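A quick write-up on the structure given underneath.
The values are calculated or read from the model by the stated rules, or taken from the named source; none is laboratory data. Not measured: the values here are computed from a predicted model. Every residue, glycine among them, receives a Cβ derived from its backbone with ideal geometry; neighbour counts consider all protein chains shown. Areas reflect the complete protein model, heavy atoms only, side chains present, ligands, DNA and RNA absent. Shrake-Rupley method; radii C 1.70, N 1.55, O 1.52, S 1.80 Å.
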Amino acid sequence: MNTIYYLASCDTCRKIIKALPKNNNLVFHDIKQNPISILELEEMYRLSGSYEALFSKKAILYKTLKLKDKSLTEDDYKKYILEHYTFLSRPVFIIDDKIYIGNSQKNIIEVMKVLNK
């Protein structure tokens with residue numbers, strides 16, 4: 001099942017979603033309204049190979065909790081992502097068993113190419 005994990009209140013996510021092709025066949029998963037499960041996170045890990053790759057260091061909580069001053073492990077990244085939605089780098093697309101993490105221009109261009117096929 002092709003899915004986008006996003007935050008409805010995020011302006012960047014909304015802009016990206018608005019630009020998606022109309023018949024994209026994606027399941028939309030708002031991570032604030034419906035927190036990601038451990039199984040969903042483990043699937044993201046399987047596809048990305050790293051919890052750190054899924055972790056947002058731009059999150060306000062990252063700075064508030066002074067996490068940049070700590071030496072975080074993969075288990076720490078997993079724990080924080082499961083504890084609070086803001087720690088998931090957004091959006092995350094899973095399309096045809098491939099993962100696309102974050103909102104970089106390069107990433108979004110790849111997602112658009114795949115969805116326009």
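Observations on the structure shown:
- Within the range 77-94, being surrounded by fewer than 18 Cβ atoms within 10 Å (Cβ to Cβ) and of a type in the set (A, V, I, L, M, F, W, C) holds for one residue alone: LEU82.
- Hits in the range 11-22 - residues which are open to solvent by 20 Å² or more (accessible area, probe 1.4 Å) and modelled with pLDDT of 95 or more: ASP11, THR12, ARG14, LYS15, ILE17, LYS18, ALA19
- Selection within the range 23-64 - touching a residue at least 12 places away in the same chain (Cβ under 8 Å), among the β-branched types (Val, Ile, Thr) and either open to solvent by 50 Å² or more (accessible area, probe 1.4 Å) or at positive phi (or both): VAL27, ILE38, ILE60
- Leading residue by the ranking (least open to solvent (accessible area, probe 1.4 Å)) among those in the range 95-116 that are over 14 Å from ASN2 (Cα atoms) and not β-branched (Val, Ile, Thr): GLY102
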